[in-house]
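Here the structure is laid out as structure tokens; the discussion comes afterwards.
The values are calculated or read from the model by the stated rules, or taken from the named source; none is laboratory data. What you see is a predicted model; the values in this text were computed from it and never measured. Methodologically, a virtual Cβ is constructed for each residue, glycine included, from the backbone with ideal geometry; neighbour enumeration extends over all protein chains shown. Accessible surface areas use protein heavy atoms only, side chains included; no ligands, DNA or RNA. Shrake-Rupley method; radii C 1.70, N 1.55, O 1.52, S 1.80 Å.
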Amino acid sequence: WLDRNDFGDKGVELLSHTKHLSSLQVLSLAGNKLTDSALSSLASSKNLTHLKRLFIQNNFFGSKGVHALAKSETMVSLEILYLKQNQLRINGAKALANASAFQNLKELYLGRTQLGNDGLAQLCNGEIWSSLVTLSLAQNGLDDKSVKMLAETELFPKLITLDLYNNNISDGAVDAIR
């Protein structure tokens, strides 16, 4: 775990090109002030192909970094991805929805990524969610419209856990999906 070490983009670049980590399955870089550049380094690494769990929450990257990860040949083994507390917004959601790299993803954590209803709509347009069992959308400004979208989509056939903590969802939305 390399959390909260001010590791930075340069540190991630060096780490990504270290051949001695070619068996690494879990990498946690939370709270290191990482930008899109760091995610591009991870995405282009030829040494992190066995990575199953990536924790990169609470950093400073946005949709460009997510787009790089989403298209990466390195990230195809990922099963768990923590992106919460970053600036993904609608373009980040679009990148995720079209992510060829995330076919094996089982858990996706997107809390506090400023998705809103439009970002969720982008996620619901994706076709890669067949393995997803956990989806966290906490604190994203979602409302009743989002709940309806989630209730009507068939894109999450294996979903067991849905986290909608601290959004703007009314009792009426819950009643509407029964």
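A compact table of results
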{"item": "Leu155-Ser37 FRET efficiency (beta carbon distance; Förster radius 41 Å; 0.05 resolution)", "result": "0.85"}
{"item": "Mean Cβ neighbour count within 10 Å, used as a protection proxy, ranking 140-148, 16-24 highest first", "result": "140-148, 16-24"}
{"item": "Helix-only mean residue ellipticity at 222 nm for the chain, each DSSP H run of n ≥ 4 adding -39500 (n - 2.57), per residue, nearest 500", "result": "-9000 deg cm²/dmol"}
{"item": "When each of Lys10/Lys148; Lys10/Lys94; Lys46/Lys145; Lys33/Lys148 is checked by Cα-Cα distance, pairs over 32 Å", "result": "Lys10/Lys148; Lys46/Lys145; Lys33/Lys148"}
{"item": "Calculated FRET efficiency for the pair Leu14/Ile80, C-beta based, R₀ 30 Å, to 0.05", "result": "0.80"}
{"item": "Segment 1-95: chymotrypsin sites (Phe, Trp or Tyr not before Pro) in DSSP coil with no more than 15 other Cβ atoms inside 10 Å", "result": "Trp1, Phe60"}
{"item": "Cα gyration tensor shape for segment 49-158, rounded if a/c is under 1.5, else prolate or oblate", "result": "oblate"}
{"item": "Built amide H within the under 5 Å cut-off of Asn140, gap 5+", "result": "Arg112"}
{"item": "Rounded accessible area per residue of segment 4-64, 1.4 Å, Å²", "result": "51 Å²"}
{"item": "Solvent exposure of segment 95-178 as accessible area per residue, Å², 1.4 Å probe", "result": "51 Å²"}
